[in-house]
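The values are calculated or read from the model by the stated rules, or taken from the named source; none is laboratory data. These figures come from a predicted structure and were not determined experimentally. Virtual Cβ from ideal backbone geometry, glycine too; neighbours counted across all protein chains shown.
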Amino acid sequence: MSISPLLYKLYRVKSRKFRWILRKIICRLEGGQVYSRTLRRIFKDYYDVDIGMYTHGSCFRPGQFDRFTTIGRYSSIGPDVKVLNRNHPLSFKGTHGFFFNPGLTYCDKELVEYIPVSIGNDVWIGDGAVILPQVTKIGDGAVIGARTVVTKNVPPYAVVVGYPARIVRYRFPKEVIDELIALKWWEKDIEELKPNIKEFQQPYEELYFDRKRRTEERNSTAE
C-alpha cells in the first residue's frame, strides 16, 4: 500500500524543515519531480500553484512562485526562477506588508489581490528569470532567457531575453508554430510519445518541411 496519502496529510505540519524532508521522501518514492503526483497535489492544495505533469524545476520550491500560478506540462524551470503575482501598494500610505498582508497580523484580509498567471506547455525558463505581476500569460513553447525580467505577456514559441524582456526570435516559422499548437502533443503522456520519440530528438523545422514536400509530391503524382 502506498504511503503517499499519509505523507500528503502529514504536510499539514507547519514546519519548513519537516516539509522539506517530506518533499525529499516523496521525490524518492515517486521518481522525482518529473513524475510525482503527490508533489503536484501538495503544491496545488497548500500553495495554490498548479504544476502540470513532467514539468520540473524551482516551481517545486515553496515561495518561488506566488499563489494562483498555473504551469503546463513538459516545462523546464531553471534554478531561482521567481514568479511575482502582486505588487506592494503604491497608493497606500505605506508600502510595507503590515498594511496589506494578513499573514503579518495587522490586517484581517488580503488588501492587494494576486493576479493569476498561466505558464504554458513546453516552456523553458532560464536560471534567475523573474516574471512580474502584470504578466498573465506565457505562451506554449516559449523560451525565457536566464536573468530575464518579463514585464508583459509572451507569445507562443517566442524567445525572450533582457530587462525588460524583448522578443529576439521565434523558435519556428509561423506555419510550424500553428501546426504544433494544433497538435497539442503535450496532452499525451510520455509513454504515448515513445513510438515517435525521434521526432523530438532532431531539428523539427527540417522534419516539418521535408514531410510537407513529400506530401505535395505524392499529391502531385496522384493528380
Any residue at all in segment 152-171 that's in the same structural domain as LYS82 (by TED's automatic domain parsing), at pLDDT 95 or above, assigned to a strand (DSSP E or B) and closer than 14 Å to ILE77 by Cβ?
no
Residues of segment 12-64 being of a type in the set (A, V, I, L, M) and free of Cβ contacts under 8 Å to residues at least 24 places away in the same chain, in sequence order, are VAL13, ILE21, LEU22, ILE25, ILE26, VAL34, LEU39, VAL49, ILE51
Residues being within 17 Å of the chain's Cα centre (by Cα) and buried (at least 17 other Cβ atoms within 10 Å of the Cβ): count how many of those fall in segment 15-37.
2
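To keep it simple, each residue is scored yes or no on (1) touching a Leu at 6+ places or on another chain (Cβ under 9 Å); (2) within 16 Å of LYS137 (Cα to Cα).
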| position | (1), (2) |
| --- | --- |
| GLY63 | no, no |
| PHE68 | no, yes |
| ILE71 | no, yes |
| LYS93 | no, no |
| HIS96 | yes, no |
Filter segment 68-92 for residues that are at pLDDT 95 or above and of a type in the set (Lys, Arg); the one that is surrounded by the fewest Cβ atoms within 10 Å (Cβ to Cβ) is LYS82
Selected residue [among the hydrophobic types (A, V, I, L, M, F, W, C), under 15 Å from the mean Cα position of the chain (by Cα) and under 17 Å from GLY126 (Cβ atoms)] from ILE51, ILE77:
ILE77
Unmet requirement for VAL159, which otherwise passes all of (1) surrounded by 13 or more Cβ atoms within 10 Å (Cβ to Cβ); (2) touching a residue at least 40 places away in the same chain (Cβ under 8 Å)
(2)
Out of GLY57, GLY63, I need the residue that is within 22 Å of ILE125 (Cβ to Cβ), surrounded by fewer than 17 Cβ atoms within 10 Å (Cβ to Cβ) and of a type in the set (Gly, Ala, Ser). Which one?
GLY63
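Does segment 213-223 hold any residues that are at pLDDT below 85, in a helix (DSSP H, G or I) and of a type outside the set (A, V, I, L, M), and which are they?
Step one: of segment 213-223, the residues at pLDDT below 85 are 215-223.
Then drop every residue that is not in a helix (DSSP H, G or I), which leaves 215-222.
Correct list: THR215, GLU216, GLU217, ARG218, ASN219, SER220, THR221.
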Failed item, numbered, when THR148 is tested on (1) surrounded by fewer than 17 Cβ atoms within 10 Å (Cβ to Cβ); (2) under 21 Å from the mean Cα position of the chain (by Cα):
(1)
Verdict on ASP140 being touching a helix residue (DSSP H, G or I) at 6+ places or on another chain (Cβ under 7 Å) and either crowded, with 19+ Cβ neighbours inside 10 Å or outside any loop (DSSP other than H, G, I, E, B) (or both):
yes
Looking at (1) of a type in the set (A, V, I, L, M, F, W, C); (2) part of a helix (DSSP H, G or I); (3) over 30 Å from TYR114 (Cβ atoms), can you tell me which one TRP186 breaks?
(3)
Looking only at residues in segment 98-111 that are surrounded by 14 or more Cβ atoms within 10 Å (Cβ to Cβ) and more than 27 Å from the chain's Cα centre (by Cα), which one is nearest to CYS59 (Cα to Cα)?
PHE100
